[in-house]
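K.L.:
Provided herewith is a single structure, encoded as structure tokens, for subsequent inquiry.
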Amino acid sequence: MEHTEPDLSHYFEVARSVKHCAVLTGAGVSAESGMPTFRGEGGLWKEFRPEELATPEAFARNPELVWEWYDYRRGILEGIEPNEGHRALAAAEKVFDIFTLITQNVDGLHQSAGSSDVIELHGNIRRDRCNICDACRGEGEGRQCRCGGPYRPDVVWFGESLPQDAIARGFEAAGSSDLFFSIGTSTQVYPAEQLPFVAQDAGAFVVEVNPEPTPLTPLATLSLRGPSGYWMPRLIDPLLDAAQDTALDAAPDTACEDLV
Ligand code: BJW
């Protein structure tokens with residue numbers, strides 16, 4: 001089958017002129033690092049049942065089983081590194097006047113790649129917190145809080161509210177962005193799945209990157225089929241060169257003798 005590269009000229013024209021770029025990422029961004037996604041081929045939910053593992057009821061019923069599942073996933077995380085997709089998104093901070101990175105991922109790989117301000121909608125699997133008093137702690141101090149409550153992974157399970165500040169910042173960024181990327185998410189889990197549509201309604205240029213179509217595909221301004229590790233450097237690197245040129249142009253002239 002003949003493969004034609006999509007025309008990205010309109011995207012670059014827009015991307016070079018926008019002020020605020022916001023990004024929503026999902027599990028697909030970490031797939032090329034070796035972190036399994038939830039849904040789709042090879043997804044975790046093919047093997048495990050969400051209602052037995054990722055709900056407050058499951059934790060109340062069988063905390064040992066839930067911990068086993070999170071320890072297993074923390075084990076996967078120990079051996080993996082950010083990929084080209086994460087790195088391109090870290091570099092994107094230098095391109096736009098305002099850049100907001102919103103993630104549904106709990107793996108911390110955006111931060112490992114160098115992203116400085118990541119809005120985590122679903123928490124972080126590397127942290128624990130008390131299920132009763134919410135006190136946070138580092139790992140490896142046993143599984144009971146001083147208040148007597150059980151520690152749990154600091155993630156958001158089905159039926160739980162998302163962190164108030166994170167979701168408020170996410171919606172605010174989506175509604176005020178001129179360019180919005182939705183990358184590696186099945187666009188199925190409420191309320192995060194609404195963000196690309198909020199951006200679209202507010203007039204943003206919406207780019208989707210995913211090997212598979214999603215509910216966003218028919219509405220996105222540009223939908224690119226393929227892995228984020230392939231597409232994100234192609235979408236960001238050319239803008240980075242231009243941003244560096246602009247920074248050099250703006251730098252004050254320094255006489256050679258000032259440098260010695
Ligand atoms: C690539 C790629 C590559 C592959 N490059 N791409 C009925 C009953 C109870 C609740 C509900 C209900 N109906 C609706 C709800 C609300 C519920 C919900 O939305 N459920 C739906 C599943 C129907 N949401 C909630 O409960 C949320 N809270 C809430 O709404 O509170 C109010 C409320 C309460 C009760 C009722 C109603 C309202 C909380 C959601 C918490 C989600 N938590 C999880 C687990 C986190 C902890 C953990 O990691 O263990 O978050 S679930 C899981 O899904 C995880 C993810 O962040 C989230 C989103 O998944 P994501 O990132 O999109 O991944 P995938 O796997 O779905 O997709 C990967 C994509 O990547 C695919 O498209 C691939 O093609 C692509 N891909 N390789 C780019 N290389």
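The values are calculated or read from the model by the stated rules, or taken from the named source; none is laboratory data. Everything numeric in this text was worked out from a predicted model, so none of it was measured. As a convention, Cβ positions derive from the backbone with ideal geometry for all residues, glycine included, and neighbour counts pool all protein chains shown. SASA here: full protein model, heavy atoms, side chains in, ligands and nucleic acids out. Shrake-Rupley method; radii C 1.70, N 1.55, O 1.52, S 1.80 Å.
K.L.:
If R₀ is 45 angstrom, what is the calculated FRET efficiency for the pair H20 and R74, using the beta carbon separation as r and rounding to 0.05?
P.N.:
0.85
K.L.:
Which distance in nm do the two modelled labels at Y230 and S161 give, with both placed 7 Å along the Cα-to-Cβ direction?
P.N.:
The answer from the label model is 4.2 nm.
K.L.:
Please identify the GluC sites (Glu not before Pro) of the range 146-236 that satisfy two criteria: DSSP loop assignment and at most 13 other Cβ atoms within 10 Å. Which are they?
P.N.:
Counting only loop positions with at most 13 other Cβ atoms within 10 Å, the GluC sites (Glu not before Pro) in the range 146-236 are E160.
K.L.:
Restrict the search to the range 1-44; then list the GluC sites (Glu not before Pro) that DSSP places in a loop and that have at most 12 other Cβ atoms within 10 Å of their Cβ.
P.N.:
Hits after loop and neighbour filter: E2, E41.
K.L.:
Moving on to the next point. Given an 8 Å cut-off on Cα distances and at least 6 residues of separation, report the relative contact order of the range 1-115 as a percent.
P.N.:
About 36 percent, as a whole number.
K.L.:
Cβ under 11 Å from D178's Cβ, D178 left aside: what net charge do those residues give with Lys, Arg +1 and Asp, Glu -1?
P.N.:
0
K.L.:
Here's another thing I want to ask about it. If you keep only loop residues by DSSP, which chymotrypsin sites (Phe, Trp or Tyr not before Pro) in the range 115-205 have at most 15 other Cβ atoms within 10 Å of their Cβ?
P.N.:
Filter output for the range 115-205: F158.
K.L.:
Something else: Between A199, A166, A58, find the one with the highest GNM mean-square fluctuation for the chain; connect C-alpha pairs within less than 10 Å.
P.N.:
A58
K.L.:
Turning to a different aspect of this structure: What angle do you read, to the nearest 10 degrees and between 0 and 90, between the alpha-carbon axis of helix 63-78 and the longest principal axis of the chain?
P.N.:
30 degrees
K.L.:
Roughly to the nearest percent, how much of the accessible area of the chain is carbon and sulfur, given a 1.4 Å probe?
P.N.:
The nonpolar share, carbon plus sulfur, comes to 51 percent.
K.L.:
What nm distance separates the two modelled labels at D97 and Q144, each placed 7 Å from Cα along Cα→Cβ?
P.N.:
According to this spin-label approximation, the distance is 5.6 nm.
K.L.:
How far is it, in nm, from the label point at Q188 to the one at A202 when both lie 7 Å from their Cα along the line to the Cβ?
P.N.:
In this crude spin-label approximation the distance works out to 2.7 nm.
K.L.:
Taking R0 as 35 Å, what FRET efficiency do you get between A168 and A242 from their Cβ-Cβ distance, rounded to the nearest 0.05?
P.N.:
Result of the calculation: an efficiency of 0.60.
K.L.:
Across the chain, where is the longest run that never hits trypsin sites (Lys or Arg not before Pro) in a DSSP loop with at most 14 other C-beta atoms within 10 Å?
P.N.:
It works out to 20-142.
K.L.:
Over the chain, give the accessible area per residue in Å² for a 1.4 Å probe, as an integer.
P.N.:
On a per-residue basis, the chain sits at 51 Å².
K.L.:
Further question on the same structure: Show that you can apply the helix-only estimate: for the chain, add -39,500 (n - 2.57) for every DSSP H stretch of four or more residues, divide by all residues, and state [θ] at 222 nm to the nearest 500.
P.N.:
Roughly -10500 deg cm²/dmol at 222 nm, from the helical runs in the chain.
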